[in-house]
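Here the structure is laid out as structure tokens; the discussion comes afterwards.
The values are calculated or read from the model by the stated rules, or taken from the named source; none is laboratory data. Please read these numbers as outputs of a predicted model, since none were measured by experiment. When we count neighbours, we look across all protein chains shown, and the Cβ atoms used for this are built from the backbone with ideal geometry, even at glycine.
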Amino acid sequence: MAAIKVKIATGIMILQYQRSRFSKNCISAICPLCNIEPEDMTHFILKCEKLSSIRNRFMQELKSLLVDCNKPPLLIQELFDDKENLLHLIIDCTSYHFLTYKEQVRIETLTRGLCYKLYHKRLLLMSEGREFRKSFSELVVLKSFFNNVPIACLSGTLTGKHINALSKQLLISNFKVLTCIITDLQSVQPRFRLVFTTTVVGMGFDPPSVTQVIHCKPPRSLTNYLQEIGRAGRRGQMSTATLYYTNMDLAKNLPGIQDDILCYCRHKACYRECLLEIFGYKKSSNSPEGCLCCSFCSLQCRCENCQLVRVVDEMNL
Ligand SMILES: [Zn+2]
Ligand SMILES: [Zn+2]
Ligand SMILES: [Zn+2]
């Protein structure tokens, strides 16, 4: 903890303001956390709103410590009102002669904790988003070759922080965010007819008009499968789930593959019943029957449509 305080007190810690001066203003001096004003020591320790939760707790502790040491309220008030004085007290309280040695030691312990926490929170906030989709940041190479060509990064899971971090990495100022795919799918009449997606659009996504989920191979477990097909028929409308697989997809040694999904694929009875049973449900009286139930039941179906299809098949038309 002391090391960080020393860095701050001796000016070794480089904030955005210093970085800007060293780079002859090529780099912006504005605080990378809040984007409000230049990030100098006063901003970092006393003002940046992104660090305020840590700072507020410290201020309360410092105030009660000073009250505890029987300092006159007026003096405490003056100290807290004057930012320069307060910063000085935080960085080096030894020159304040109204404090006894013991009090200085107590304040030093408190301020070390503050500097340590501020420093780490800053690091955390700065690195947020950078670890996300590293391949996106490699677009900067492409951009250096084709400077005027528009670049599109497609993702359904970028947060505001990720977008900020990415636009900084790619040096793009006019970043347009098209959140339309997710928003569109959440509307009652979406314009998108087909979306190819990874497992990312699994749980917690509520597209009311999706009526078909097609897996080109089995997910790793039956729980995943149930969650993923659950994106269809959100309003109770008739929907279908199709699962394609080959024997290769059912190899036991695939990383992370669970027995339940292998059993499900090899199941030779009603698939609906099988799924419901595993998760502790029963087929209800209004469950669809025959060809409307599942691929297994449709083989046995005797409805007019199915009979017609069979006749046509047999005639080899
Ligand atoms: Zn800031
Ligand atoms: Zn069935
Ligand atoms: Zn039928």
Of the residues in the stretch 270-291 that are within 22 Å of Q212 (Cα to Cα), exposed (fewer than 11 other Cβ atoms within 10 Å of the Cβ) and over 36 Å from the mean Cα position of the chain (by Cα), the one that is nearest to ligand 1 (Cβ to nearest atom) is S284
Checking I278, I229 in turn, the sole residue that is more than 27 Å from R193 (Cα to Cα), among the hydrophobic types (A, V, I, L, M, F, W, C) and more than 16 Å from ligand 3 (Cβ to nearest atom) turns out to be I278
Is it the case, given these coordinates, that A232 is within 23 Å of F205 (Cα to Cα), free of Cβ contacts under 8 Å to residues at least 60 places away in the same chain, under 30 Å from the mean Cα position of the chain (by Cα) and not in a strand (DSSP E or B)? yes
By residue number, the members of the stretch 203-233 that are crowded, with 16+ Cβ neighbours inside 10 Å and among the basic types (K, R) are R231
Enumeration of residues in the stretch 292-304 that are near ligand 3 (Cβ under 8 Å from one of its atoms) and surrounded by 12 or more Cβ atoms within 10 Å (Cβ to Cβ): L292, S298, C301, C303
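Test M238 against the stated conditions and say whether it is modelled with pLDDT of 90 or more, under 24 Å from L185 (Cα atoms), part of a loop (DSSP other than H, G, I, E, B) and more than 16 Å from ligand 1 (Cβ to nearest atom). Spell out how you get there, then give the answer.
Numbers: modelled with pLDDT of 90 or more: yes; under 24 Å from L185 (Cα atoms): yes; part of a loop (DSSP other than H, G, I, E, B): yes; more than 16 Å from ligand 1 (Cβ to nearest atom): yes.
Taking the combined requirement at face value, the residue satisfies it.
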Options T183, T157: the member that is at pLDDT below 70, closer than 30 Å to G233 by Cβ and exposed (fewer than 15 other Cβ atoms within 10 Å of the Cβ): T157
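Take L114 and decide whether it is out of contact with any Ser or Thr (no Cβ under 9 Å at 6 or more places or on another chain) and farther than 21 Å from A2 by Cα. It would help to see each step written out before you state the result.
Numbers: out of contact with any Ser or Thr (no Cβ under 9 Å at 6 or more places or on another chain): yes; farther than 21 Å from A2 by Cα: no.
Answer is no for this residue.
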Go through the stretch 243-317 and tell me which helices (runs of 4 or more DSSP H), entirely inside it, have 2 or more residues that are small (G, A, S). 295-300
Do we have any residue at all in the stretch 248-267 that's surrounded by 17 or more Cβ atoms within 10 Å (Cβ to Cβ), farther than 17 Å from H215 by Cβ and more than 16 Å from ligand 1 (Cβ to nearest atom)? no
